[in-house]
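Structure record follows, encoded as structure tokens.
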Amino acid sequence: MRHSVQRWLFCAGAVAAVGVAAALQAGPASAARVTLASRSAQEAQAAPASPYVPPTSTLYLGNHGPAVSSVEQRLNQLGYYAGPVDGKYGPDLQEAVWAFKEVQGLPLNNATISVMARPFFNALVNPRQPYARYPAGGPNRIEINQNIQVLVLYRNNAPYLILHVSTGGRYYYPCPGDAAATCGPAITPDGHYKALSYLQGDIQVPLGFMENPVFFIGRAYAIHGGDPVPWYPASHGCVRIFSDAVNWFHNDVRIGVTQIYVFGTAP
């Protein structure tokens, strides 16, 4: 019995009893984010009119000004959702910076993960495309690369949206209702799945909340929001994305149709 419970509790959504808190209502701000994401992804399909000229000074979280706006615009153009171009280096841009670094193979550590320096700017000029593990897996699919903690949503076999994620951290955790027992390990299972269902709002589970989950294994594993999202694997097994993106991410997924591929189980 406990073995079955452990398998069912790999992620925060892995329980039978779920309660829907007040549903999130999409307002004008959410609509603006959807429009921005769609426009940015479309722009990413076309070559820029002129070569991108990056900033010349290192940028840090909390900076603001034209240099930050330049990076926001460029990342959005490449399909990395950086939020509205407002010249402020905040959480949305930070998530895009992480995703871009992960795809480009730039070094990641606690001290420099959010720092934009010369190697980052050079990559903005000549970026590499995300690695496509399943090019024949359908033109409008999702690939989740646990090796680098990145989700890529493809449209017509081209990267349409690229997000940083946090997948299973492979740790053990106390079982809900039994503090003396441990559950886990927290693993996001590799495999070929399909977007099965979507629930709007904050879904309460014994291990916490799942925000706007898109389930791909029963009601056990989902792509869902829940800040903070660290730059390393740290979930109970689900695929976590940051809350601003999860407010509209489900609009880019066709329930019952979109294929989801997970690979590279994080060590």
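The values are calculated or read from the model by the stated rules, or taken from the named source; none is laboratory data. Note that the structure is predicted; figures quoted are calculated from it, not measured. Cβ coordinates were reconstructed from backbone atoms using ideal geometry, including for glycine residues, and neighbour counts include every protein chain displayed.
Residues Tyr52, Tyr80: which one is surrounded by fewer than 21 Cβ atoms within 10 Å (Cβ to Cβ) and of a type in the set (Phe, Trp, Tyr)? Write out each step before concluding.
Details: Tyr80 fails: surrounded by fewer than 21 Cβ atoms within 10 Å (Cβ to Cβ).
Selected residue: Tyr52, the only one of Tyr52, Tyr80 that is surrounded by fewer than 21 Cβ atoms within 10 Å (Cβ to Cβ) and of a type in the set (Phe, Trp, Tyr).
Checking each residue in the stretch 225-253 for being in contact (Cβ under 8 Å) with a residue 60 or more places away in the chain, assigned to a helix (DSSP H, G or I) and more than 21 Å from Glu102 (Cβ to Cβ) picks out Asn247, Trp248, Asn251. In the condition set (1) part of a loop (DSSP other than H, G, I, E, B); (2) modelled with pLDDT of 95 or more; (3) closer than 20 Å to Val152 by Cβ, Tyr261 is compliant with all but (1).
So Ala222 ticks every box in (1) surrounded by fewer than 18 Cβ atoms within 10 Å (Cβ to Cβ); (2) small (Gly, Ala, Ser); (3) in a strand (DSSP E or B) but one. Which box is left unticked? Condition not satisfied by Ala222: (1). Could you look through the stretch 94-138, keep only residues that are of a type in the set (A, V, I, L, M) and part of a helix (DSSP H, G or I), and pick out the one that is nearest to Asn76 (Cα to Cα)? It comes out as Ala96.
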